[in-house]
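What follows is a single structure, written as structure tokens, with notes after it.
The values are calculated or read from the model by the stated rules, or taken from the named source; none is laboratory data. Fair warning: this is a prediction, and the values are worked out from it, not measured in the lab. Neighbour counts run over all protein chains shown; Cβ positions are idealised from the backbone, glycine included.
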Amino acid sequence: MRSKKRGGHTPNLSTYEEVALPIVPAILPNLPGDAPAVGSLRVLLVEDEPADVELALRALRQAGFAAKGDVVQTPEEFTELVRKNSYDIILADYKLPNWNGLESVEILRREGLDIPVMMVSGALGELTAVECIKRGAADYVLKDDLARLPESVRRAMREKRLRDENKQGQDELARSNRDLEQFAYVASHDLQEPLRMVATYTQLLAERYKGKLDADADKYIHYAVDGALRMQVLVRDLLAFSRVGRQGTELATVDCNRVMETVLQNLEAATKESDAQVQYQQLPTVTADGSQLLQVLQNLIANAMKFHGTEPPIIHVACEKKGRDWVFSVADNGIGIAPEHAETIFVIFKRLHTRTEYPGSGIGLSICKKIVEHQGGRIWVESTPGHGCTFFFALPVQAAKQEAR
Amino acid sequence: MTLATPVPEVLLVDDNPADIDLTSEALVRSKRRLHISAVNDGSEAILFLRREGKYSDAPFPDLMLLDLNLPRKTGREVLSDVKGDAALSSIPVVIFSTSQAASDIAGSYKLGANCYLSKPSTLPDFLAAVQSMADFWLGFASLPVKEKR
């Protein structure tokens, strides 16, 4: 919802930047009164008293701002003008005949605009002043202390510029993350086809010429086949990894007991093979993406079965509400994880064992991490080597509900 | 009077010569009596089927394996042409593509594909897929009798 609003108003923001950026350096030097004005300061005044409009603009001009002002007196006029023009600052009287100038803050928020609002008013009283700031006004200036206005405007605009830069940085980071995801997706997708050629034809060579060349040739072909098949697994996993998040999450009411039933069905073969016992008490119903929750639980339980010690695996699955989170846990009696590896195991393609000890590409936990973090949660492990480990993941109860709406 | 059953004609449409070879290899290994023809793009496929230009002597296929991503005329367009042409629409068309995209699969069936087969990524699976496909279409399935043309 938030991003939609931002997107819709991008043109306004960019107009603002084009107009405003040249001014900012010029007004930054703190020279009251005689700073040369470069460009103009577009002011929207919410004011019913023409004399007060004049006084406020004069105070700004005397401080070096080439202030140009529009005046509105009703919420409708205000909304119309902020939609039409781009303003650097808003000066709003607190008490107007028909509305409260502070409401302009609400209107800007609704319109998705970030323009500092200065309350300029007669005696406000401390409580009202605090209320103004709380509700999002940048500052308040008393009408009989207008000398304070220019400095206050400068500060509000500095803060606004920092907000813009911060947002720009965040946008850039988000964009570069998206680019990287896109790259991983395209690369893994497009690599599959040539890789299929390499895999099938080296296999065909192996089949047709085994024992007909020399021992070295057999060995080399075997290496090539093995490498190609491994790469196919990696590319397929990378593709699966890059799909998390691309497909979006569908939040719904999910009965975790049902999820566990499906997980156990899916893991039937592995359960039999490892002679595992999976135990859980009555689990809650949560708001989550069901298929992603299933994927995370299944990955963790499959790992618990795979990394067992000398004893057959006994796995406890639980979920309880802790503060604002649902905290799931998957505890096992397996080989455990040394504390120094508690972070690295979540890194894509990181493995702690050789492929002959334990098969796998090292994708499972990184997919779990990505899924959980996409839903605003976190995942971690606690372990004593030799005494099993417990994987925890927390999904926010509230955030999930908000997004579901 | 006995009539010798004609040798089934299989047309492969694929722009990747490696896949034509591999599919042919799999068909040959199936030990079935069959004759394979191959073309490398969609426009050629249509010329072949309509016996136009250099394909005036082309055999009428009993089964067609069609890749989706083809130069000039895509597999989708070829499929749509074949199924929209009364003279060709009875040919069983097996889409044989690397794509596993749900939209490609559903789209192909909607256009009248008779089967959608994803190209497996290892040799044993590839051979098994082509052979069971051939067993079904050229063995168990009853195909329309070809009209004289």
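Details
- In region A:170-209, of all residues being within 13 Å of chain B (Cβ to nearest Cβ) and of a type in the set (Lys, Arg), the one that is surrounded by the most Cβ atoms within 10 Å (Cβ to Cβ) corresponds to A:196.
- The selection criterion, being in contact with a His (Cβ under 8 Å, 6 or more places away or on another chain), within 11 Å of chain B (Cβ to nearest Cβ) and either polar (S, T, N, Q) or within 30 Å of residue A:365 (Cα to Cα) (or both), does not hold for residue A:229.
- Scanning region A:232-241 for residues that are within 13 Å of another protein chain (Cβ to nearest Cβ) and of a type in the set (D, E, K, R) turns up just one, A:236.
- Flag if residue B:103 is out of contact with any Ser or Thr (no Cβ under 7 Å at 6 or more places or on another chain), among the polar types (S, T, N, Q) and buried (at least 16 other Cβ atoms within 10 Å of the Cβ): no
- Any hit, region A:95-113, residues being over 22 Å from residue A:132 (Cα atoms), of a type outside the set (Val, Ile, Thr), surrounded by fewer than 15 Cβ atoms within 10 Å (Cβ to Cβ) and without any contact (Cβ under 8 Å) to a residue 24 or more places away in the chain: no
- Residues of region B:16-50 that turn out to be of a type in the set (A, V, I, L, M), touching a residue at least 60 places away in the same chain (Cβ under 8 Å) and within 14 Å of another protein chain (Cβ to nearest Cβ), as a count: 2
- Test: residue in region A:242-260 that is within 26 Å of the chain's Cα centre (by Cα), within 13 Å of another protein chain (Cβ to nearest Cβ) and surrounded by fewer than 18 Cβ atoms within 10 Å (Cβ to Cβ): yes
- Test: residue A:156 is more than 14 Å from chain B (Cβ to nearest Cβ), surrounded by 15 or more Cβ atoms within 10 Å (Cβ to Cβ) and free of Cβ contacts under 8 Å to residues at least 60 places away in the same chain: no
- Just one of the listed residues (A:322, A:350) is surrounded by fewer than 20 Cβ atoms within 10 Å (Cβ to Cβ) and in contact with a Leu (Cβ under 9 Å, 6 or more places away or on another chain), and it is A:350.
- Yes/no for residue A:71 being closer than 19 Å to residue A:42 by Cα, modelled with pLDDT under 90, assigned by TED's automatic domain parsing to the domain that holds residue A:43 and part of a strand (DSSP E or B): no
- Cβ-Cβ contacts under 7 Å between residues 6 or more apart (or on different chains), taken from a first residue in region B:82-99 that is at pLDDT below 95 and buried (at least 19 other Cβ atoms within 10 Å of the Cβ) to a second residue that is β-branched (Val, Ile, Thr) and part of a strand (DSSP E or B), are absent.
- From the list A:143, A:134, the one residue that fits, being assigned by TED's automatic domain parsing to the domain that holds residue A:95, at pLDDT 80 or above and touching a Gly at 6+ places or on another chain (Cβ under 9 Å), is A:143.
Let's see how each residue does on (1) of a type in the set (Val, Ile, Thr); (2) farther than 28 Å from residue A:360 by Cβ; (3) not assigned by TED's automatic domain parsing to the domain that holds residue A:287:
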site: A:153; (1), (2), (3): yes, yes, yes
site: A:162; (1), (2), (3): no, yes, yes
site: A:173; (1), (2), (3): no, yes, yes
site: A:182; (1), (2), (3): no, no, yes
site: A:187; (1), (2), (3): no, no, yes
site: A:204; (1), (2), (3): no, no, yes
site: A:233; (1), (2), (3): yes, no, yes
site: A:240; (1), (2), (3): no, no, yes
site: A:259; (1), (2), (3): yes, no, no
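- Residue A:336, sole failed condition from (1) buried (at least 19 other Cβ atoms within 10 Å of the Cβ); (2) on the phi > 0 side of the Ramachandran plot; (3) without any contact (Cβ under 8 Å) to a residue 40 or more places away in the chain; (4) of a type outside the set (Asp, Glu): (3)
- Members of region A:63-100 found to be under 19 Å from residue A:160 (Cα atoms) and of a type in the set (Asp, Glu), listed by number: A:88
- Cβ pairs under 7 Å, 6+ apart, first in region B:117-129 and more than 12 Å from residue B:23 (Cα to Cα), second modelled with pLDDT of 95 or more and not in a helix (DSSP H, G or I): B:117/B:94; B:117/B:95; B:117/B:96
- Filter result (of a type in the set (A, V, I, L, M), crowded, with 21+ Cβ neighbours inside 10 Å and under 23 Å from residue A:148 (Cβ atoms)) within region A:60-91: A:60, A:63, A:67, A:89, A:90, A:91
- Among (1) surrounded by fewer than 19 Cβ atoms within 10 Å (Cβ to Cβ); (2) under 16 Å from residue A:397 (Cβ atoms); (3) at pLDDT 90 or above, the one test that residue A:316 misses: (2)
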